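Structure first, commentary second.
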Amino acid sequence: MNDRRRRDVLVVGAGIAGLALAHRLAHHGTRVRVLERAPAPRPQGYMIDFFGPGYDAMRAMGLLSELRDRGHDFDEMELVDERGRRRAAISFTGFARSVGGEVVSIMRPDLEELLRKALPERVEVLYGARPVEIDDHGEGVRTRLADGRVLEADLLVGADGIHSTVRRLLWGSEERYLRHLGFHTGAFAFDDTEIHAALRGRFVLTDSLGAQMGLYPLAGERVAAFTVHRTLETTLPEDARAALREALSGLGWVVPGALERCPAPEEVYYDHVAQAVVDRWSRGRVVLVGDACQAVSLLAGQGASLGVGGAFVLAEELARGGSVQEASARYERRWRPVVEERRRAALTGASWFLPQSPARLRIRRAVLRLSALPGMERFVASSVSGKPSRVVKDLAEGGAPG
C-alpha cells in the first residue's frame, strides 16, 4: 500500500466480509480498526455451503486448512416428505464438481470465529461501536460513534450487512436499496438424540410448499435448523420463535419436535430474504463491501463466499495503489459483474428452492433425480448458483488489472 492516504482504514462490521477485509488489508501492511455495533460476537447463525470465489480467497489468504477443519461432511442434500421418506437428492461431491471446486459446509459463527482468530494482533476490533455520523471531508473520513467517540481514517468501509448503517447514513433509507423476495428465514440450533439419529449424517430438507425446514446433524446430539417461508410481510416479528412455530406448524416428520426445541427468541437468527441493489458502491472515501451492496439473497447460498471474495478483491485493488477513488472504482468494475450474475441466478434459485405449486414441486423432484446424469449435474448447479468465476484466482495469481 504505497499511498499514505490509505494507511488507516476503518471497517464497519465484524461479520464475515469485514473480518476477511481486515485480514487481507493487514497482510498488505495497512492499519485497520474494525467497528462492531454488537457488544460481542454474535452466536446466532446457520449452516453455510461455502464454495466459489470465497473458497479461492481463503486459499490465497492461507486459511483453507482451518476452513476445512471446521467444516462438516455431508454426502448429499436429500428432500423428504411429511413422513421422512426420500423424494429426491443431490450429491455434494457432484455439486462441488459442477461449480468448479470444493464445498465446505460450516456454521456461520464458526467461519466468523476462524476469521477473527486469524487477525494479526495489530488489528483492533472494537465492540459496542455504532457509527451515528460520517463526514467525508476530502482529506479523510471522520466518524462519530453513539458513545461520543470520534475516529479519523483515510478510508471507511461499510461491511455491516444487508441492513447497513453506513449505507443508510450516506446513501439513504434502506427501502431504496432492498429488494424483498417474498420470504422470511430463520435458523437455530438445539440438542435432540432422536432427531439427530433420524438425519443419519445427511442434510435433509422438507419437500414442502409455502414453508420448509432444513436440518443438519452436528457433533454430539446437536442439530442445526434452517427455515424459510413465504410471506409478503416486510416488518420483522417481535418474537422470532413464535413466528417460526406459526409459519411451519403444518410441516410433518421431525419438524414439530424441532420447533418445540427452538430456543429463546434472542438465540434465533431471523430476517428477510432480500437482495441489496446499490447503483454505486463507493462515494469519495467511503466504499461498501459484502451484503451492504451485493446481497444476492440467503437462498442463493453464496452470501458468505461473495462477502469474502469481494473483500479480497477490494483489498487487492487498494494495495495496487492510486487514489482511494481509483481503487474503489477498479474493485467495483471487477466485482460487480460477478455479483450481478449471481443475483440473476438467485432469482431463479428462489423459486426453485421453495416451489409455489404441487406441479413445480414435482418438477423439482424430477430435475434432482436427473442431476446425476451426464450434463445435467452442471445444468442444475449453474441454474441455482451461477457460473464459476476466476476473478479472485486471477488476482491471487497476479492477473492483469481489471
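Which one of 334, 364 is closer than 20 Å to residue 211 by Cα and either open to solvent by less than 60 Å² (accessible area, probe 1.4 Å) or part of a helix (DSSP H, G or I) (or both)?
364
Please tell me if residue 246 is within 23 Å of the chain's Cα centre (by Cα), assigned to a helix (DSSP H, G or I) and free of Cβ contacts under 8 Å to residues at least 12 places away in the same chain.
Here the answer is no, as residue 246 does not meet what is asked.
Within the stretch 48-73, which residues are part of a strand (DSSP E or B), of a type outside the set (D, E, K, R) and open to solvent by 20 Å² or more (accessible area, probe 1.4 Å)?
Selection gives 72 alone.
Mind checking which residues of the stretch 151-171 are farther than 19 Å from residue 304 by Cα and open to solvent by 20 Å² or more (accessible area, probe 1.4 Å)?
Passing the criteria: 151, 152, 154, 168, 169, 170.
Give the residue that is most open to solvent (accessible area, probe 1.4 Å), with candidates limited to residues of the stretch 172-193 that are in contact (Cβ under 8 Å) with a residue 24 or more places away in the chain and within 19 Å of residue 280 (Cβ to Cβ).
The residue in question is 179.
Please specify each residue of the stretch 266-315 satisfying the condition of being among the charged types (D, E, K, R) and more than 30 Å from residue 245 (Cα to Cα).
279, 280, 283, 285, listed by residue number.
Within the stretch 115-132, is there a residue that is of a type in the set (Phe, Trp, Tyr), open to solvent by less than 40 Å² (accessible area, probe 1.4 Å) and within 30 Å of residue 240 (Cα to Cα)?
No: the stretch 115-132 contains no residue that is of a type in the set (Phe, Trp, Tyr), open to solvent by less than 40 Å² (accessible area, probe 1.4 Å) and within 30 Å of residue 240 (Cα to Cα).
Please list, ordered by first then second residue, the pairs with beta carbon atoms under 7 Å, 6 or more apart or interchain, first in the stretch 123-143 and on the phi > 0 side of the Ramachandran plot, second outside any strand (DSSP E or B) and open to solvent by 40 Å² or more (accessible area, probe 1.4 Å).
128/39
Tally up the residues in the stretch 232-266 that are modelled with pLDDT of 95 or more, within 20 Å of residue 163 (Cα to Cα) and either touching a strand residue (DSSP E or B) at 6+ places or on another chain (Cβ under 9 Å) or open to solvent by less than 30 Å² (accessible area, probe 1.4 Å) (or both), please.
Of the residues in that region, 2 qualify.
So which residues in the stretch 348-361 are open to solvent by 10 Å² or more (accessible area, probe 1.4 Å) and touching a helix residue (DSSP H, G or I) at 6+ places or on another chain (Cβ under 9 Å)?
Listed by number, the residues that qualify are 348, 351, 352, 353, 360.
How many residues are of a type in the set (D, E, K, R) and within 25 Å of residue 224 (Cα to Cα) if we restrict to the stretch 32-54?
Matching residues across the stretch 32-54 total 2.
From the list 325, 294, 302, pick out the single residue that is of a type in the set (S, T, N, Q) and surrounded by fewer than 24 Cβ atoms within 10 Å (Cβ to Cβ).
325
Please state which one of 45, 54 is touching a helix residue (DSSP H, G or I) at 6+ places or on another chain (Cβ under 7 Å), of a type outside the set (A, V, I, L, M) and under 30 Å from residue 262 (Cα atoms).
Unique residue meeting the criteria: 45.
Residues in the stretch 291-304: is at least one touching a residue at least 60 places away in the same chain (Cβ under 8 Å), under 28 Å from residue 195 (Cα atoms) and not in a helix (DSSP H, G or I)?
Checked against the condition, which is being touching a residue at least 60 places away in the same chain (Cβ under 8 Å), under 28 Å from residue 195 (Cα atoms) and not in a helix (DSSP H, G or I), the stretch 291-304 yields at least one hit.
Do you know which residues across the stretch 25-47 are part of a helix (DSSP H, G or I) and small (Gly, Ala, Ser)?
Correct list: 26 only.
Being crowded, with 17+ Cβ neighbours inside 10 Å, at pLDDT 95 or above and within 27 Å of residue 254 (Cβ to Cβ): is that true of residue 111 here?
yes
Just give me the residues in the stretch 74-90 being assigned to a loop (DSSP other than H, G, I, E, B) and under 18 Å from residue 216 (Cβ atoms), in sequence order.
The answer is 74, 75, 84.
Looking at 79, 10, can you tell me which residue is modelled with pLDDT of 90 or more and either within 30 Å of residue 252 (Cβ to Cβ) or open to solvent by 50 Å² or more (accessible area, probe 1.4 Å) (or both)?
Result of the check over 79, 10: 79.
The values are calculated or read from the model by the stated rules, or taken from the named source; none is laboratory data. Just so you know, these numbers come straight off a predicted model, no measurement behind them. Glycine also receives a Cβ, built like all others from the backbone with ideal geometry; neighbour counts cover every protein chain displayed. Areas reflect the complete protein model, heavy atoms only, side chains present, ligands, DNA and RNA absent. Shrake-Rupley method; radii C 1.70, N 1.55, O 1.52, S 1.80 Å.
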